[in-house]
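Accompanying notes for the structure given below.
The values are calculated or read from the model by the stated rules, or taken from the named source; none is laboratory data. In this text the structure is predicted, and so the values were computed from the model without any measurement. All Cβ positions, glycine included, derive from the backbone under ideal geometry; neighbour counts span all protein chains shown. Keep in mind that these areas ignore ligands, DNA and RNA; they rest on the heavy atoms of the full protein, side chains included. Shrake-Rupley method; radii C 1.70, N 1.55, O 1.52, S 1.80 Å.
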Amino acid sequence: MTRRLFELVGADPARRFSPACWRSRMALAHKGLDAESVPWRFTEADAIAFAGSTTVPVLVDGDAVVADSWRIAEYLERAYPDRPALFGGAQAELRFLAAWTDTVLNPAILRFILTDVFALLRPSEQPYFRESRERRFGTTLEAVVADREVRLPGFRALIEPLRVTLRAQPFLAGDAPAYADHIVFGSFQWARCTSPFPLLEPDDPVALWRGRMLDLHGGLARRAPGHPC
Ligand SMILES: N[C@@H](CCC(=O)N[C@@H](CS)C(=O)NCC(=O)O)C(=O)O
């Protein structure tokens, strides 16, 4: 297969857990495209240097090399215009959703799953992860997650806009899923693939939507190694 997607893994190459990589994996599936998964680890900067990137996802599609999940979605929309649309004319508005997810939702989720992510990494990667994340948070990984039970109601309140939207319609994009859903789903799939911590009540409209997303494309995301939810 000439199409390859570099996806973040830890010790287990089958456990793909990056939120940004899941956006791209779901975007590919949305377009009806498969891509060989190339497992990539935090300490393997050299392996993606050809793409001019230090982060994944990186998509190689024939001669095209595209890094960054947003750029990958734009590329797929441009290269495969006859396949189901990702943006549906809402590309400009979706920038806000992506920015909210990157700067509000993902940092909030990370404070619940940080030590669980650490535990999934190879021993050789753990020092990089611990040092870089402890520098970012200004404290230990363990201290970041220590009060997660106490913070749970605050997290559930934070995602009220998702809940309100999903009470009114089955998907963030409307009646059918599209890139709006893949953006946010990547974050909940990141949590599911790394941590047993229950972020959502089972009857939360966001949890019910997550279940619908897990079922898409023959259960592509549900089959991925993760925790039941
Ligand atoms: N804006 C980028 C973010 C990519 C990103 O931060 N990827 C993470 C994995 S989710 C990564 O590769 N991190 C490498 C590191 O922290 O060293 C995108 O959406 O593609």
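Odds and ends about this structure:
- Top-ranked residue in the stretch 1-13 [being of a type in the set (A, V, I, L, M) and not in a strand (DSSP E or B); ranked as most open to solvent (accessible area, probe 1.4 Å)]: MET1
- Test: residue in the stretch 121-133 that is of a type in the set (Gly, Ala, Ser), free of Cβ contacts under 8 Å to residues at least 40 places away in the same chain and open to solvent by 30 Å² or more (accessible area, probe 1.4 Å): no
- A residue that is assigned to a loop (DSSP other than H, G, I, E, B), more than 10 Å from the ligand (Cβ to nearest atom), surrounded by fewer than 16 Cβ atoms within 10 Å (Cβ to Cβ) and modelled with pLDDT of 95 or more can be found somewhere in the stretch 14-28.
- Some residue of the stretch 180-197 being surrounded by fewer than 20 Cβ atoms within 10 Å (Cβ to Cβ), touching a residue at least 24 places away in the same chain (Cβ under 8 Å) and in a helix (DSSP H, G or I): no
- Some residue of the stretch 81-98 being open to solvent by 40 Å² or more (accessible area, probe 1.4 Å), within 13 Å of the ligand (Cβ to nearest atom) and either out of contact with any Gly (no Cβ under 8 Å at 6 or more places or on another chain) or among the acidic types (Asp, Glu) (or both): yes
- Cβ-Cβ under 9 Å pairs, at least 6 apart or on other chains, the stretch 150-175 side over 16 Å from ILE109 (Cα atoms), far side of a type in the set (S, T, N, Q) and modelled with pLDDT under 95: none
- In the stretch 1-12, the residues that are free of Cβ contacts under 8 Å to residues at least 40 places away in the same chain reach residues that are within 11 Å of the ligand (Cβ to nearest atom) and of a type in the set (D, E, K, R) with C-beta atoms within less than 8 angstrom, at least six apart or across chains, in these pairs: VAL9/ARG16; VAL9/ARG41.
- Any hit, the stretch 34-45, residues being open to solvent by 30 Å² or more (accessible area, probe 1.4 Å), within 13 Å of the ligand (Cβ to nearest atom) and in a helix (DSSP H, G or I): yes
- For the stretch 96-152, filtering for residues that are in a helix (DSSP H, G or I) and either at pLDDT below 95 or over 25 Å from LEU200 (Cα atoms) (or both) leaves 10.
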